[in-house]
Amino acid sequence: MKDEREIVTVTIDGIEMQAPKGELLIRVAQDNGTFVPRFCWHERMKPVGMCRMCLVEVEGVRGMPPACTTTVTDGMVVNTKSETVKKAQDGVLEFLLINHPLDCPVCDRGGECPLQDQTLAFGPGESRYVEEKRHFEKPIPISELVLLDRERCIQCSRCTRFADEIAGDRLIDFGERGGEMQVITYPDDPFTSYFSGNTVQVCPVGALTAKPYRFRARPWDLSAVETSCQTCSVGCRGSLESSSNELVRLLGVDVEPVNHGWLCDKGRFGYEATHAEDRARNPMIRRDGSLVECSWPEALDAAAEGIKRSLDLHGPASIAMVGGSRGTNEDAYLWARLAKGVIGTDNVDAQIGDGLPAEVVLGLPGATIPDLDEAAAIILLGPDLKEELPVLYLRVRRACVDLGVPILDVSAVDHGLSKYASATIRHLPGEQASAAREISAALAPLIDGRSGPIVVVLGRSDVATSAEPTVAAAAIIREIPNTRFLVALRRGNVRGAIDLGLAPGFLPGRVTLDAGAERFVAAWGSAPAEVGLDTAGIFNAASEGRIGALILVGADIVNDFPDRRLVRAGVGGAGFVICINATVTEAAADADVFLPATVWGEKAGTTTNLEGRISRVGRKIAAVGNPMPDFRIASELALRLGTDFDLETVEEIQDEIARVAPAFAEVDAQLLKRARDGVVLPLALHRDELVLEPRRIPVIDFSWEPIKPEGPGEFEVVEFEVVEPVLEADASDEAAAEEESALPVDISNGAGLPDAQLFVWSAQHAAQPTPGRDNYALRLSAGRSLYDNGRTVASTPALRALIPAQTLRVNPSEISRVGVADGESVRVSTARGSLVLSLTGDANVPAGVAVMPFNIGETGVGDLVDVSLVVTDLRLETLR
Amino acid sequence: MARFSGFGVTFKQMFKPRITGFYPKEKREKPERFHGRHVLNRYEDGMEKCIGCELCAGVCPAKCIYVRGADNSPDSPVSPGERFGFVYEINYLRCIHCDMCVEACPTEAITETKLFEFSFANRADAIYTKEELLVDDEGRAKRQPWELWLGGEDDKTSAWMRATSSSGDADYEGRVNWSGELGFGVREPEQGQSL
């Protein structure tokens, strides 16, 4: 956002500096290299001036104002290091330490504690306090994940302000007064926020500790790598830390365009799934009806043999590949090249029947997350962001609450952001298109002269309704001028997988088969000509016996595909099943060859988030056993099918992607290494957003910052360490470019390959009318909940307990109509099947709709949905 | 003549007192500050002093200490407080007996004996586990099969040297202070030490 404030001159400790008028003194000082100690002030929260640690002297002002609540004015002269300030700091620290227990050796914060650091740097050095300190019961759980030690709390209110201001879950607050003041939860209302882990990270002492990390390591035996979270497609930046080759925590890193330093609890604690007991360690092949462990060459030979047999007997269209949205971009590219360039099939889909068609994902004008802040309005037509993309929920909430951007909510049922909406259009599940027609009229009063784009968060709101109505709605919304779309797909790298050709009808780099044919035949030797099947089509074909070899890449299809009967029929009907996964899932147990893959944290590469932002993921630990990264498995299979990719490292693959895939032009390994906040595709439109300088980290007093400066820091000297950029300045770039052009083939921008036009969705869509609902039926809306039976949560001990109980929520009037009590079990039947479920009344659910989260419990939505139908209508019967 | 003057040295030595020690049958008294192998101490009620804080591992210049902490179960705590060291290992192939772990320990959990004669024949014996390092019920070091004990080696194990003077008492400023509530190995504060 452009800062248009007047620039004023301030003098801090004798150094003149320029700053926008009205900026906080503490921030101006920090940006110019003067560190003012603080506990309560946090860059992303409103100042409160509670801890009094940042007191400074301002000439002409009586007393000592706190730097965190004072704004700068022209000609201000500030002293942060005078004797008076020093005395005030000594006093504040002495008071803070009166009741602080000093159990640092036991405390998780010890070693990276702002209170320790600032006591050492600014404190009196000796304590005069000899009396007994305050005592409380140690530690009390305030949620399933967070423990509170009230003795250590210094009442800075960072946690309570985070919960209230940032997360919007005001579930913790201060109780009592004076020395008894403490953080409390409301009676019978635990701190069940999806963002509770952030309070642990912002706590400046060890008062809040996270259960999974508690006593697992000390700060000095951790090593860290900056990475992007791949739990969902927001791609939050974080610092992944390990001790003794074991991941122990993920801390949020403040990245302006993406996550502002916040993480959701699923992303923060999901690393535990990496160390799940049931991780597959060795490849397996089927012998005498059961899977037995074998060597890699044996398994790869068997897999290649299976593919070859189907290829020889029935041609390339008999081979299909499902999945690939959990890996890195490099994995996705080589899977796409294996399927489309080597095998020659287009039956490839990274989405598991619960997303949107690739045309919509790739063809709509894209928005970025920062666009939300400057938007004229935000239209929500998609999943419950709080459940599926939690940190995007925080960004939308911030845009609305802090920046005043109006929200138009188009949804079937209430969701996490409904209470912030300025206007709401309610529709029955499946009738998104008719709701979309009302949007223009509803939008006009909201915009009310506001400038900026209209950002549409578009996605599948539930898996019980097909993608069709959402596609129709997108076609209608696209006609509204100045709209940009954030396509809210859920899985970690689904956007990267689609960008790199793991979708029917597309080749890597956002080009269709037709547009890219010439280019990819030149680059790969061959490319498929006919558009293939999507996931549902693949399973249909497989159940009819038309798929000779089915390759499942990192997908838990039985749990994730909306229609379980079709999946089981598909896997059963496929001639030969190869499964590449980290654990033996239900579908993998039926596979003919199982190849164990490394997961997030065990491999390096890049990932693409829902904006199309590519950022690097880091490798922190070595995998236990013999799993291989996906891209190597794909290379090995290709080698056995007669094509040598000749790509050994992640960087080589990145360079090949930049050379071959049109949308990735110029995005090579070097740029990816330099771009601090990632690269948004296509680069031509987002070049000015590139940040090529490294993150600025003040050397002292930031030991609690997740990204640590290299080399020793020094106390007293406050300066910023700026690491030299990896590349030289522009002049030498040009020299390098000249040198490169002298080479026979210019690999930097794909010159020498035929051009291919990037795909743009024509949005010509004839909407099919949604079938009507009869008065005795309820229409099912099956969104997801953050904690579900997916692999991440199911393998994470800390999160497993948080999976909600399965229940069908309906309007209370429906309960009385059926004639049962609230909470009683009823038989629920659809065209597909029937289940016995407990029924709960919820006044927020509109009449005629039934809400049930997907993928919870042993049986559930997957047994009720028929993917060939647009909507899922269900009937309730009493069991009596 | 020169060959006889050489015998002169031999004759001279014959009448001097012998300084040969009959090691290992006889052992010399170790200096008070001698650094031998470690012990992990307990309180008198049997609770372990170690809280698993890893400060010893952090300060160790040879990186020979491996510690992991864990939550004390409230019903049967191993140490007082929330945390205890559930893994504690010292690799004596790497330890240089600098005693910095002893100085760093906030609870006097780790101290050094005068034992230095342990000739292990494999790595597993060289890495002392928590079970091997912990003192017995009498507060004395446990004898391991590969250690040469002739008596008295564990007499001065409990003493612990503070890096700073006991706070608040001006008389001890600048003097090294010793403590040891098990009752042995304790000495008077040393004079003339400047910190």
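The values are calculated or read from the model by the stated rules, or taken from the named source; none is laboratory data. In this text, all values refer to a predicted model and were calculated from it rather than measured experimentally. All Cβ positions, even for glycine, are placed from backbone atoms using ideal geometry, and neighbour counts span all protein chains on display. Each accessible area value is taken on the protein alone, full model and side chains, heavy atoms only, with ligands, DNA and RNA left out. Shrake-Rupley method; radii C 1.70, N 1.55, O 1.52, S 1.80 Å.
Below, the figures for the structure above:
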quantity: Residue check for A:Ser451: open to solvent by 10 Å² or more (accessible area, probe 1.4 Å), within 24 Å of A:Val851 (Cβ to Cβ) and assigned to a loop (DSSP other than H, G, I, E, B); calculated: no
quantity: Test for B:Phe116: is it away from chain A (no Cβ under 13 Å), in contact (Cβ under 8 Å) with a residue 24 or more places away in the chain, in a loop (DSSP other than H, G, I, E, B) and open to solvent by 30 Å² or more (accessible area, probe 1.4 Å); calculated: yes
quantity: Selection count where residues are more than 44 Å from the chain's Cα centre (by Cα), in a helix (DSSP H, G or I) and of a type outside the set (Gly, Ala, Ser), scope region B:1-10; calculated: 3
quantity: Hits in region A:207-216 - residues which are buried (at least 20 other Cβ atoms within 10 Å of the Cβ) and within 11 Å of chain B (Cβ to nearest Cβ); calculated: A:Thr209, A:Phe215
quantity: From A:Ile307, A:Ile369, A:Ile378, A:Ile352, residue being of a type outside the set (Ser, Thr, Tyr), assigned by TED's automatic domain parsing to the domain that holds A:Ala638 and either open to solvent by less than 10 Å² (accessible area, probe 1.4 Å) or at pLDDT below 95 (or both); calculated: A:Ile307
quantity: Residues of region A:426-445 classified as of a type outside the set (S, T, N, Q) and open to solvent by less than 10 Å² (accessible area, probe 1.4 Å), total; calculated: 6
quantity: Verdict on A:Pro139 being free of Cβ contacts under 8 Å to residues at least 12 places away in the same chain, within 14 Å of another protein chain (Cβ to nearest Cβ) and buried (at least 17 other Cβ atoms within 10 Å of the Cβ); calculated: no
quantity: Test: A:Leu874 is closer than 30 Å to A:Ala472 by Cβ, modelled with pLDDT of 90 or more and either of a type in the set (Lys, Arg) or in contact with a Leu (Cβ under 6 Å, 6 or more places away or on another chain) (or both); calculated: yes
quantity: Condition met for A:Ser228 (polar (S, T, N, Q) and within 14 Å of chain B (Cβ to nearest Cβ)); calculated: no
quantity: Yes/no for A:Thr199 being farther than 21 Å from A:Val401 by Cβ and either crowded, with 23+ Cβ neighbours inside 10 Å or away from every other protein chain (no Cβ under 14 Å) (or both); calculated: no
quantity: B:Cys50, sole failed condition from (1) part of a loop (DSSP other than H, G, I, E, B); (2) surrounded by fewer than 16 Cβ atoms within 10 Å (Cβ to Cβ); (3) within 14 Å of chain A (Cβ to nearest Cβ); calculated: (2)
quantity: Those strands (runs of 3 or more DSSP E) lying entirely in region A:1-91 with at least 3 residues open to solvent by 70 Å² or more (accessible area, probe 1.4 Å); calculated: A:15-20
quantity: Pair list, Cβ under 6 Å, 6 or more apart: region A:398-409 residue under 24 Å from A:Gly261 (Cα atoms), other residue charged (D, E, K, R) and open to solvent by 10 Å² or more (accessible area, probe 1.4 Å); calculated: A:Ala399/A:Asp373; A:Leu403/A:Asp373
quantity: Selection status of B:Pro24, under 30 Å from A:Cys104 (Cβ atoms) and assigned to a loop (DSSP other than H, G, I, E, B); calculated: no
quantity: Per-region count, region A:142-170, residues open to solvent by 20 Å² or more (accessible area, probe 1.4 Å) and within 12 Å of chain B (Cβ to nearest Cβ); calculated: 0
quantity: Selection within region B:53-64 - facing chain A (nearest Cβ under 10 Å) and assigned to a helix (DSSP H, G or I); calculated: B:Leu55, B:Ala57, B:Gly58, B:Val59
quantity: Residue check for A:Phe136: out of contact with any Phe, Trp or Tyr (no Cβ under 8 Å at 6 or more places or on another chain), closer than 27 Å to B:Gly58 by Cβ and of a type in the set (Phe, Trp, Tyr); calculated: no
quantity: Test result for A:Thr209, in contact with a Leu (Cβ under 7 Å, 6 or more places away or on another chain) and of a type in the set (Ser, Thr, Tyr); calculated: yes
quantity: Residue tally, condition at the interface with chain A (Cβ under 8 Å from one of its Cβ atoms) and either more than 19 Å from A:Asp149 (Cα to Cα) or part of a loop (DSSP other than H, G, I, E, B) (or both), over region B:82-92; calculated: 1
quantity: Sole residue being part of a strand (DSSP E or B), touching a residue at least 60 places away in the same chain (Cβ under 8 Å) and either in contact with a helix residue (DSSP H, G or I) (Cβ under 8 Å, 6 or more places away or on another chain) or away from chain A (no Cβ under 14 Å) (or both), chosen from B:Val39, B:Val67; calculated: B:Val39
quantity: Test result for B:Glu103, modelled with pLDDT under 90, part of a loop (DSSP other than H, G, I, E, B) and among the charged types (D, E, K, R); calculated: no
quantity: Candidates B:Ser73, B:Ser79, filtered to the one that is within 14 Å of chain A (Cβ to nearest Cβ), outside any strand (DSSP E or B) and in contact with a Lys or Arg (Cβ under 8 Å, 6 or more places away or on another chain); calculated: B:Ser79
quantity: Selected residue [under 28 Å from A:Ser295 (Cα atoms), assigned to a loop (DSSP other than H, G, I, E, B) and open to solvent by 30 Å² or more (accessible area, probe 1.4 Å)] from A:Arg619, A:Arg632; calculated: A:Arg619
quantity: Restricting region A:108-132 to residues that are touching an Asp or Glu at 6+ places or on another chain (Cβ under 8 Å) and part of a loop (DSSP other than H, G, I, E, B), the residue that is nearest to the other protein chains (Cβ to nearest Cβ); calculated: A:Ser127
